[in-house]
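S.K.: Supplied in C-alpha cells, the structure appears directly below.
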Amino acid sequence: MKPAPKLLFADPQGRVMEHPYLIATLRSGEELVPPQDRPIPLPATGRLVHLPGRLPVGLDPETGELELVREMKVGGKTFVPNAVGALLPPGYTRTFLPGEVKGDGPILPQWAYTAAAWGKDGPVAWAIHTDKRSHWDPENYSTPQMRQLVDEHLRRFPDNRVLKQLKTCALLYRCFTSQNVFYVRDEGAIPASVMCNARCVGCISDQPADGPPASHERMEDGPSGEEMGAIGVYHLENAPGRTMISFGQGCEGEPLTRYKAIAEAIRYMRERTDKGSININTNASLTHGLATLFDAGLDAIRVSLNSAVKDLYEAYYKPVKYTWEDVEASIALARERGAYLSLNLLLFPGVTDREGEVRALERLVSQYQVNQVQTRSLCIDPLQYLEVARDRGAGGEPVGIRELLQRLKAARPGLIIGNFARGLEERETPAARRK
C-alpha cells in the first residue's frame, strides 16, 4: 500500500517543504476532502508555487480530522505558513484544487492552481494528461533564437500593428501561439480587438482596481483587415504542421466586436491562398457578426464558456448587450454552417462537475454535435470563483472531473477531448461522422 501523500507548505520566502506528519487535503468547490482519485508525478515542466495569505489544511492520519496549519517552526524559526499548489504545463487538466483557506492575504494572481503534495518519489499533482500531442511542449518554445526570429519577421512586415502586439506577447508573456507566428509553424495568433462586450471576472487583460493584477496588457490599437490578412497569408503559406491562424487571443478583447475588419482579413487571405485553417476564439456573442465571418471563409470556431447554465454563465462573463441565448444561437449557427465546432470549457473542480452542470453540458455537446471540448483549467483565485458560483448554476453533488469528461465523450460519440486545436487533417469530416 502506497503511503499517503504529505501536505506541502511554504515559508514566507516561498521555500516549499513537506509537513512532518499531516496528509494533504484537496478542495472540490466549497468542500475540503481527503486525497482521492489518483495524482500523477508533477510533470517535468510543471512547478510548485506558494499561495500567499492562504493557510494550508492537512489531515491528521491518526484521528482523520482536518487540521488548519496556522504556525510552523523550522530551524528554530516560527512563521505563518503559506499553502502550496502546482502549475501544470499545456496538455494537462487539473482534477482538484489545493486544500487551503483564506488567511491574511490578497486576491491571488490569475493562475490555474492545482492540488499538489509530496509523494513517495517526489511532488505529485491531481491532474489528467488530457492531450499528449508534443508540438506544444514548452521545451519547443522561448528558445535562444526567439528574439532573432521576431526581428526577422518585423523586417518582413514593418509597422504592422499585429506584429507589434505579438512581439510583446512572444517575448514578455511567452505566449506559445504568438511565438508560433515567429517560428512560422502550427497555430498562429492574430489579435484583432481592443474592445470587449463582456466583463469576465477572470479576464487576464483587464481587471478593476480592486481585482488581482491582470497577467497581460491588452493591445491598444486594432489592426486593419489588410494588416491581419498579410500576417495570415504568410503563415498559412509557409507554416508546416497543423497550419492555422486564430483570431481571438488573451491579449485582446472580443474579436467579434471587429467582425467587419476580420471578415476583410479572411477575404484577403482566401483570395491569396487556400491552405490551412482559419479559426476564431470567441465568446460567440454576436451571431450576425459570426455569420459574416462564415460568409468570408471562416472554417473553425472555439466558443469559450464556463457553464451551459444561463445564470452561472452570465455571472462570470457579465455580458454587455448579449445573453446566454445569443451564445447558444451562435453555436447552432456554427453547426448549421458546417464549421469545426469546439468548446473552450473553463473547468473548475467542484463546480463544473456538479451533476446538474454535467447534464447541461451533455445536452449542449449532443444537441449541436460538438466536435471537440478543449479543457481549460480556469485561471482565477479559487475563492474568488466560488463567490461567483455560490447559489448559481445547476446543483447536485460533484461527480469528479474525470467522470465529467467520460460522460461528455459518451454524450457525443466521436467527441475529441483535448487541450489543443486540431488541424484540418485531424478533424472529423461529415463522411466520417456518418460512418
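The values are calculated or read from the model by the stated rules, or taken from the named source; none is laboratory data. Quick caveat: nothing in here was measured; it's all calculated off a predicted structure. A quick note on method: Cβ atoms are made from the backbone with ideal geometry, for glycine too, and the neighbour counts reach across all protein chains shown.
S.K.: So, in the stretch 14-32, how many residues would count as being touching a residue at least 40 places away in the same chain (Cβ under 8 Å) and either in the same structural domain as GLU397 (by TED's automatic domain parsing) or not in a strand (DSSP E or B) (or both)?
M.R.: So the answer is 4.
S.K.: If you check ARG376 against the conditions, is it touching a helix residue (DSSP H, G or I) at 6+ places or on another chain (Cβ under 9 Å), at negative phi, outside the structural domain of PRO90 (by TED's automatic domain parsing) and among the charged types (D, E, K, R)?
M.R.: no
S.K.: To continue, here is another question. Pick from the stretch 91-107 the residues that are touching a strand residue (DSSP E or B) at 6+ places or on another chain (Cβ under 8 Å) and in a loop (DSSP other than H, G, I, E, B): which of them is surrounded by the most Cβ atoms within 10 Å (Cβ to Cβ)?
M.R.: Residue satisfying both the conditions and the ranking: GLY99.
S.K.: Read through the list (1) farther than 30 Å from GLY229 by Cβ; (2) surrounded by fewer than 23 Cβ atoms within 10 Å (Cβ to Cβ); (3) hydrophobic (A, V, I, L, M, F, W, C), then give the number of the only condition that VAL351 fails.
M.R.: So the condition that VAL351 fails would be (2).
S.K.: Does the stretch 295-351 hold any residues that are touching a Gly at 6+ places or on another chain (Cβ under 6 Å) and among the small types (Gly, Ala, Ser), and which are they?
M.R.: If the condition is that a residue be touching a Gly at 6+ places or on another chain (Cβ under 6 Å) and among the small types (Gly, Ala, Ser), then SER307, GLY350 are the ones that fit.
S.K.: Then there's this: Given (1) within 16 Å of THR257 (Cβ to Cβ); (2) in contact with a Pro (Cβ under 8 Å, 6 or more places away or on another chain), identify the lone condition not met by GLY338.
M.R.: Only one criterion in (1) within 16 Å of THR257 (Cβ to Cβ); (2) in contact with a Pro (Cβ under 8 Å, 6 or more places away or on another chain) is unmet by GLY338, namely (1).
S.K.: Return the residue satisfying two criteria in turn: it lies in the stretch 33-68 and is at positive phi and surrounded by 14 or more Cβ atoms within 10 Å (Cβ to Cβ), and of such residues it is nearest to the chain's Cα centre (by Cα).
M.R.: Checked the stretch 33-68; the qualifying residue nearest to the chain's Cα centre (by Cα) is ASP37.
S.K.: Here's something else I'd like to know. Considering only residues that are charged (D, E, K, R) and at pLDDT 95 or above, look in the stretch 181-201 and name the one that is nearest to ASN279 (Cα to Cα).
M.R.: By that ranking, first place goes to GLU187.
S.K.: In addition: Sort out which residues of the stretch 395-415 are surrounded by 18 or more Cβ atoms within 10 Å (Cβ to Cβ), out of contact with any Leu (no Cβ under 7 Å at 6 or more places or on another chain) and not charged (D, E, K, R), and write them in order of number.
M.R.: From the stretch 395-415, those surrounded by 18 or more Cβ atoms within 10 Å (Cβ to Cβ) are 398, 400-401, 404-405, 408, 411-412, 415; that's our starting set.
From the residues that got through so far, the ones that are out of contact with any Leu (no Cβ under 7 Å at 6 or more places or on another chain) too are 398, 400, 404-405, 411-412.
Correct list: PRO398, GLY400, LEU404, LEU405, ALA411.
S.K.: Ok, one more. Tell me which of these LEU88 doesn't satisfy, since it passes every other one: (1) in contact with a Cys (Cβ under 7 Å, 6 or more places away or on another chain); (2) over 26 Å from PRO223 (Cβ atoms).
M.R.: (1)
S.K.: I would also like to ask the following. Under 17 Å from TRP111 (Cα atoms) and under 25 Å from the mean Cα position of the chain (by Cα) - does that describe any residue in the stretch 13-21?
M.R.: no
S.K.: Out of everything in the stretch 69-90 that is in a loop (DSSP other than H, G, I, E, B) and touching a residue at least 12 places away in the same chain (Cβ under 8 Å), what residue ends up being surrounded by the fewest Cβ atoms within 10 Å (Cβ to Cβ)? Before you say what the answer is, go through the steps one by one.
M.R.: Within the stretch 69-90, the subset in a loop (DSSP other than H, G, I, E, B) is 69-71, 75-76, 80-81, 88-90.
In the following step, the residues that additionally are touching a residue at least 12 places away in the same chain (Cβ under 8 Å) were identified as 69-70, 80-81, 88-90.
Details: VAL69: 18, ARG70: 10, VAL80: 16, PRO81: 23, LEU88: 26, PRO89: 16, PRO90: 15.
Across the stretch 69-90, the extreme among qualifying residues is ARG70.
S.K.: Still on this structure, I have one more. What residue, of LEU286, LEU293, is touching a strand residue (DSSP E or B) at 6+ places or on another chain (Cβ under 8 Å) and either in the same structural domain as PHE420 (by TED's automatic domain parsing) or without any contact (Cβ under 8 Å) to a residue 12 or more places away in the chain (or both)?
M.R.: None of the others qualify; the one that does is LEU293.
S.K.: Given the structure, is ASP353 in the same structural domain as ARG185 (by TED's automatic domain parsing), farther than 28 Å from ARG27 by Cα and either in contact with a helix residue (DSSP H, G or I) (Cβ under 7 Å, 6 or more places away or on another chain) or modelled with pLDDT of 95 or more (or both)?
M.R.: No.
S.K.: Here's something else I'd like to know. Is it the case, given these coordinates, that LEU345 is modelled with pLDDT of 95 or more, in the same structural domain as LYS275 (by TED's automatic domain parsing) and crowded, with 21+ Cβ neighbours inside 10 Å?
M.R.: Here the answer is yes, as LEU345 does meet what is asked.
S.K.: Pairs please, first residue from the stretch 39-63 and over 11 Å from GLU100 (Cβ atoms), second anywhere and of a type in the set (Asp, Glu), Cβ atoms under 8 Å, 6+ apart in sequence or on different chains.
M.R.: Pairs that qualify, where the first residue is over 11 Å from GLU100 (Cβ atoms) and the partner is of a type in the set (Asp, Glu), are PRO41/ASP121; THR45/ASP137; THR45/GLU139; LEU59/GLU65; LEU59/GLU67; ASP60/GLU67.
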